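The values are calculated or read from the model by the stated rules, or taken from the named source; none is laboratory data. Everything numeric in this text was worked out from a predicted model, so none of it was measured. Glycine gets a Cβ as well: all are built from the backbone with ideal geometry, and neighbour counts include every protein chain shown. We work out accessible area using only protein heavy atoms, side chains counted, and drop any ligands, DNA or RNA first. Shrake-Rupley method; radii C 1.70, N 1.55, O 1.52, S 1.80 Å.
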Amino acid sequence: MNPMVQGLVTIIVGVGGCVGYFYFANMVLDRVLYPASGPNAGANINKANRIRPWLFLLPAIVALGLYLVYPVIGSFYRSLFDRSGFNFIGLGNYSSLIADGEFRMSLRNNLLWILVVPAASTFFGLLAAQLTDRLSWGNIAKSLIFMPMAISFVGASLIWKFVYANNPDIGLINALRALLGADQAVDVLQIPFWNNFFLMFILIWIQTGFAMVILSAALRGIPEETVEAAVLDGANPFQIFFKIKVPQIMGTIVVVWTTITILVLKIFDIVYATTGGNFGTQILPSYMMAYMFRDDGRATAVAFVIMIIVLPVMIWNIVQARKEMR
Amino acid sequence: MATVKLTDVGKSYGPVEVLRDINLDVDQGELVVFVGPSGCGKSTLLRMIAGLERITAGTLEIGGQVVNDVPPSQRGIAMVFQSYALYPHMTVRDNMAFGMKIAKKPKDEINRAVENAARMLQLTPFLDRLPKALSGGQRQRVAIGRAIVRDPKVFLFDEPLSNLDAALRVATRIEIAQLKERLADSTMIYVTHDQVEAMTLASRIVVLHGGIIEQVGPPLDLYERPANTFVARFIGSPAMNLFEGKVERVGNATAVRLPGGGIVEVPLPSNGAQPGEKVSLGVRPEDLTVRPDGETIYQGQVSIVEGLGEHTLLYMDRTNDDDAVIAKMPGVQRIERGATVNLNAPPDKLHLFDERGLSYLYR
Amino acid sequence: MSDNIVGERAGLTIAVNIAVVALVVLWLIPTVGLLVSSFRDRDQITATGWWQSPLPVELTFRARAPAADQVEENGVWVVEGNVFEDREQARWFPEATGTVTAFGSRGVAPAEFPPGEVAELRGGATLVVNTDGTFRYESPEEIEGAGPRLYFEARTPPQFTTANYNTVLLADNMDRAFINTLTVTIPATVIPILVAAFAAYALAWMDFPGRGLLIAGVVGLLVVPLQLALVPMLNFHNMIGVGQSFLGIWLAHTAFGLPLAIYLLRNYMVGLPRDIIESAKVDGATDFQIFTRIILPLSFPALAAFAIFQFLWTWNDLLVAKVFLPATAESQVMTVKIADDLLGSRGGDWGILAAAAFVSIAVPLVVFFSMQRYLVRGLLAGSVK
């Protein structure tokens, strides 16, 4: 079947199925199981209302349980077996990971990414938010800085190839170097260690807009009076920004920071599309993809390592959410 | 149209009891107002009658039927919310018709009901507008109209005027009073923290405090014959002055000795009071009069004078931690700050409460 | 913001303007480069940088001194002609005129001599090419074969073309990849919205034991790395017979999108006024009616926000597509196509790469700029309390 037609059928079946499920399950509950009429109408309605939440939640719970909860256990279980999937090797995959120099390098690079990308994105985002807020054309500027958010990581990698390319007639960086008198073009993606930062900048370029939008809303939420009071107290613009505004939006900064951190741990596209993990740029997600389809035991072990890195953020998020609900 | 009967009704959230022993009969055609300070449980009680909060003790009957477990829509009630709760994406007409549409009533019946209600509330020109295109007062009327269309046995109002500004509040209050006259048969329960609304609208007022009913009665009864010090101070503004004293003599009238040494005859039966018992003597600020000399209830130095034109308020600080004594004089008074005044009141305007704060009238 | 405060320095405002301009330019330049490059002629792309694209480009060409035209003059065999008249140059010089900036006789040094200079070649031959393209080749012996090659450098006008797009779309299967991407994206956007909306309503407005625990669970799942799900779920798909297929990727995207969808929608729905929902209850609406008639219409901004998110995410996704779709050309989506095919096999063909990249980001950019308002609102609902 033509995938377009198949897609159309899926939309109809999927959407129709969802609507149908909710509608008919609800009707069965109200008309057949606990009819809202007769002598027990009141009690029946109450009984139906106790069941209804679960009716509404069922598809979501099934999907989440199957695709996100089970894999945490499933992946861990699979990571205890070797490539074939039949031989139990305990933590063998983990110990061979630790022994692998490329894994250690990926881990180091990933920690670099986690340190640099959220910090730089938040910094640029805060800067852009604060600066554009005072301009008449601020919204246009914001829109343009925000734009990379819509671009895929693959597309972004390609876009930045036109900056990094090892050719002064394609790559902007080498063109600038030529202009300054350098006679030899360099491939910035092959400079050991520093190439990581060139890759990180692609993600920073994408995420700054996200940070800016959220921080700008937070800045606007600051009571104007506190700023005015600081002006009357004689604070200069920098003092106002760092001593009055930033402390008031600290909560939002933390949210932005952690959101980007989580994202960093999911992205393999940029490394995959630019260096393919060569020249010492491997990170955990792309390292995992290198073993995906070849050695599931090792791939799941890497995935579980990523999960362990994410765990503190997850726990912190849950604690925050529970606090808010009280 | 129906009666509402609450028997030993209570509400607790886990170990926290917010309402207890609520006993109340609302007759058909009555407009009963629940008043009390914030946190007294008045809104909770209304929401329990509506079915929006579960009743954890006692029984609630509407129209003679126990409705504890009946969901809100089946109780035959309509509710007007403080925030109006208009559906923002529906026109005025759809807002008013929503309940009947849900009940699958025939179209022409719905139209008739909506148009009647709209006419009654002068909303006809606005029927096809969205709520956001209406003023606050108009929104309030739509909320009321929505209740009327449902033709309920009981109307419930949850602080319906508190989101309006002062001028509109007065106008809408009068409209509600007129509406009540037109819908003479319908039973209404109305929650407010504003005692002016309570006094002007109610056929009976229920004063709630700390989760219990302090007193139920017609507005002027509550004003003239408060059952306890709480009601005495809650109804009327500024609040009633209370003076500590001791019973001196008992009989058909009760004589009370005040700390200043004076003895006041209160023409109320002592109802079993013993001489020497501690009592509180209550006098409303508007009943106090100033005399340069003679028999006094209280003598003190004026610390603040507030001239409001139509009347003048005098504040006299007391030595202990009690509230200042307040006297409300008619018109403009030429009394200077710092002047010493003697206060007195006609004997029939005196109230007497025992040590627990209960009125001797009801002992 | 504090525009009216007395004594604010004008210098600061200018500095801020300059800083923002610099930031915007830095952020915009790479994308502009891609866009410009995608419309340039493929020969010109490698000759000069895209920032010089409005200027003429000096390209090197080769021509031939046709042996057939040789005449003997005083014992010397001479070929005369014009390099621009050579057939090979028809694409660039349709009118057979142009300006030669240098010439040469060897492919390794095509611009060895300035125009007009008489070049001494091996074997006693000489060559001169003039600025207008006329040349004269002299050889002491009769010329055999087709005639010697000559090379020259000439200025070409800046040329913009849609040829790269034609190649990408017609010859490179990118059209197929585009349709595949659409096929993945639309169901994967619509279905999670529905499932999530019901769940979010239950979590926001229905009272049942375990609600708080479920909400905490959703918040936790928000950060579970996708990587964990890849191996177990692919095995699961293979087990139930779904395998690597569109159905599989729809299911995967739906599930992976749910935590954010439920979280965003619940946050929004919880903010709707309680009175409205209670009023509907008093009006006799059931939970199902409240949901469809009150909550859904009022939650439109949040629904739109999530739809945009999920659309961008699935459209731009590489990971899930690589794992849950087969690697064959019939089911490749654009990201996979670019990352695996184009960057590998045509890594040096910059015009094709740029055009392909632009095809893949065009739709998200349109969605982004037309629906930005909702996207921002959704982001804020998710992160600012």
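Measure up B:LYS246/B:LYS349; B:LYS153/B:LYS180; A:LYS142/A:LYS266; B:LYS101/B:LYS153; B:LYS104/C:LYS281; B:LYS153/C:LYS281 against 21 Å on the Cα-Cα distance and list the ones that go over. Please report the intermediate quantities before stating the final value.
On the way: B:LYS246/B:LYS349 19 Å; B:LYS153/B:LYS180 14 Å; A:LYS142/A:LYS266 26 Å; B:LYS101/B:LYS153 19 Å; B:LYS104/C:LYS281 15 Å; B:LYS153/C:LYS281 16 Å.
Beyond 21 Å: A:LYS142/A:LYS266.
Estimate the FRET efficiency between A:ILE51 and B:ASN68 by the formula 1/(1 + (r/R0)^6), using the beta-carbon distance for r and 22 Å for R0, to the nearest 0.05.
Working: r = 20 Å, r/R0 = 0.93.
My answer for the efficiency is 0.60.
Quick one: Cα convex hull volume of the stretch C:57-156, Å³ per residue? Mind dumping the intermediate values first?
Details: hull volume 9.0 nm³, N = 100.
Enclosed volume per residue, from the Cα hull, is 90 Å³.
Can you give the mean number of other chain Cβ atoms that lie within 10 Å of the Cβ atoms in peptide C:362-368? Could you put the intermediate results ahead of the total?
Numbers: counts 1, 1, 6, 5, 1, 1, 7.
Neighbouring Cβ atoms belonging to other protein chains average 3 per residue here.
Could you tell me the total accessible area buried at the B-C interface, probe 1.4 Å, in square angstrom to the nearest hundred?
Working: alone 17360 and 21400 Å², together 37110 Å².
Approximately 1600 Å², summed over both chains.
What translational diffusion coefficient, in µm²/s and rounded to a whole number, does the Stokes-Einstein relation yield for the stretch B:1-99 at 4 °C and a viscosity of 1.567 mPa s, taking the hydrodynamic radius as the Kirkwood radius over Cα pairs?
Numbers: Rh = 14.8 Å.
For the chosen part, D equals 87 µm²/s.
So for chain B: antiparallel DSSP bridges make up what percent, rounded to the nearest 5? Intermediate values should be presented prior to the final figure.
On the way: 54 of 71 bridges.
Just about 75 percent of them are antiparallel.
Please list the non-local residues whose amide H lies under 5 Å from the amide H of C:GLY81, H modeled 1.01 Å from N, same-chain partners needing a gap of 5 or more.
C:PHE135
As a check on your grasp of the helix formula, calculate [θ] at 222 nm for chain B: sum -39500 (n - 2.57) over DSSP H runs of n ≥ 4, divide by the residue count, round to the nearest 500.
Values: 8 runs with 84 residues, N = 363.
Mean residue ellipticity at 222 nm (helix-derived): -7000 deg cm²/dmol.
For the stretch A:201-326, place one equal point scatterer on every Cα, skip the solvent, and apply the Debye formula. What is log10 of I(q)/I(0) at q = 0.13 Å⁻¹?
Log10 of I(q)/I(0), two decimals: -0.74.
In nm, give the distance between the simple-model label positions of C:VAL76 and B:SER135, each being 7 Å from the Cα along the Cα-to-Cβ direction.
A separation of 10.5 nm, rounded to one decimal place.
So for chain C, averaging the separation of alpha carbon pairs under 8 Å that are six or more residues apart and normalising by length, what relative contact order in percent results? Working shown, then result.
Values: 508 pairs, mean separation 74.3, N = 385.
Computed over chain C, the figure is 19 percent.
How long are the semi-axes of the equivalent ellipsoid of the stretch A:262-308, taking √(5λ) for every eigenvalue λ of the Cα gyration tensor, in whole Å from largest down?
Working: eigenvalues 57, 36, 12 Å².
One finds semi-axes of 17, 13, 8 Å for the stretch A:262-308.
Once you average over the residues of B:71-82, how many Cβ atoms of partner chains fall within 10 Å of each Cβ?
Values: counts 12, 9, 9, 5, 2, 0, 1, 3, 6, 2, 7, 1.
Other-chain Cβ atoms within 10 Å of each residue's Cβ, averaged: 5.
For a 31 Å ceiling on Cα separation, which of these pairs sit above it: A:LYS47/B:LYS5; A:LYS243/A:LYS323; A:LYS161/A:LYS243; A:LYS245/B:LYS132; A:LYS161/C:LYS322?
On the way: A:LYS47/B:LYS5 25 Å; A:LYS243/A:LYS323 27 Å; A:LYS161/A:LYS243 40 Å; A:LYS245/B:LYS132 34 Å; A:LYS161/C:LYS322 22 Å.
Among A:LYS47/B:LYS5; A:LYS243/A:LYS323; A:LYS161/A:LYS243; A:LYS245/B:LYS132; A:LYS161/C:LYS322, the Cα-Cα distance tops 31 Å for A:LYS161/A:LYS243; A:LYS245/B:LYS132.
Please give the direction-averaged projected area of the C-alpha convex hull for the protein assembly as shown, in square nanometres with one decimal.
Numbers: hull surface 252.1 nm².
For the protein assembly as shown, averaging the hull's shadow over all directions gives 63.0 nm².
Before anything else, pin down the relative contact order of the stretch C:230-380: Cα pairs under 8 Å, at least 6 apart, normalised by residue count, whole percent. Before the final figure, lay out the partial values.
Working: 92 pairs, mean separation 47.5, N = 151.
Here the relative contact order equals 31 percent.
With r defined as the distance between the Cβ atoms of A:ASP100 and C:ALA10 and R0 fixed at 60 Å, what FRET efficiency is calculated, to the nearest 0.05?
Values: r = 60 Å, r/R0 = 1.00.
The formula returns an efficiency of 0.50 here.
With all pairs of different alpha carbon atoms counted, what Kirkwood hydrodynamic radius in Å does chain A show?
Details: mean 1/r = 0.0409 Å⁻¹.
So the Kirkwood estimate lands at 24.5 Å.
Using the basic label-point model (7 angstrom from Cα toward the beta carbon), what is the B:ASP8 to C:GLU95 distance in nanometres?
The modelled label-to-label distance comes out at 10.8 nm.
Where does the stretch A:3-65 land on Rg(C-alpha)/(2.2 N^0.38 Å)? Mind dumping the intermediate values first?
Numbers: Rg = 15.6 Å, N = 63, 2.2 N^0.38 = 10.6 Å.
So the Cα radius of gyration is 1.47 times the expected 2.2 N^0.38 Å.
For the stretch C:231-385, what is the convex hull volume of its Cα atoms per residue in Å³? Provide the component values of the computation, followed by the final result.
Numbers: hull volume 23.5 nm³, N = 155.
Each residue corresponds to 151 Å³ of Cα convex hull volume.
Just the Cα atoms of the stretch B:238-362: what Rg and Dmax do they give in Å?
Looking at the stretch B:238-362, its Cα Rg and Dmax stand at 14.7, 44 Å.
Where the centroid of each part is defined by its Cα atoms, how far is the stretch C:265-301 from the stretch A:167-191 in Å?
Rounded to whole Å, the Cα centres lie 59 Å apart.
Within straight cross-link reach of B:LYS107, meaning Cα distance under 16 Å, which lysines are found once same-chain residues fewer than 8 apart are removed?
Counting by Cα, and skipping residues close in sequence, B:LYS107 has no lysines nearby.
Calculate the dipole size of chain A relative to its Cα centre from +1 charges on Lys and Arg beta carbons and -1 charges on Asp and Glu beta carbons; express the result in debye to the nearest 20.
On the way: 21 positive and 16 negative charges, 187 e Å.
That gives a dipole near 900 debye.
For peptide A:69-81, compute the average count of partner chain beta-carbon atoms within 10 Å of each residue's beta-carbon. Walk me through the intermediate numbers first.
Working: counts 5, 5, 12, 6, 2, 7, 8, 2, 1, 3, 2, 0, 0.
Whole-number average of other-chain Cβ neighbours for A:69-81 is 4.
Hey, what did chain B get for relative contact order, percent, Cα under 8 Å, at least 6 apart? Don't skip to the answer; put the middle values down first.
Values: 755 pairs, mean separation 55.6, N = 363.
Over chain B, the number comes to 15 percent.
What longest region of chain B stays clear of GluC sites (Glu not before Pro) that DSSP places outside H, G, I, E and B and that have at most 13 other Cβ atoms within 10 Å?
Numbers: sites that count: B:GLU295, B:GLU310, B:GLU336, B:GLU355.
With a cap of 13 other Cβ atoms within 10 Å, the longest stretch comes to B:1-294.
If I model a spin label at C:VAL366 and C:ASP207 as a point 7 Å from the Cα along the Cα→Cβ vector, what separation in nanometres do I get?
Spacing of the two 7 Å Cα→Cβ label points: 4.9 nm.
In straight Cα distance, which aspartates and glutamates are under 18 Å from B:LYS328, not counting same-chain residues fewer than 8 positions off?
Within reach: B:GLU224, B:GLU286, B:ASP287, B:GLU306, B:GLU310, B:ASP317, B:GLU336, B:ASP348.
Averaged over every viewing direction, what's the projected area of the C-alpha convex hull for chain C? Give it in nm², one decimal, please. Please report the intermediate quantities before stating the final value.
Details: hull surface 128.7 nm².
Projected over every direction and averaged, the Cα hull of chain C covers 32.2 nm².
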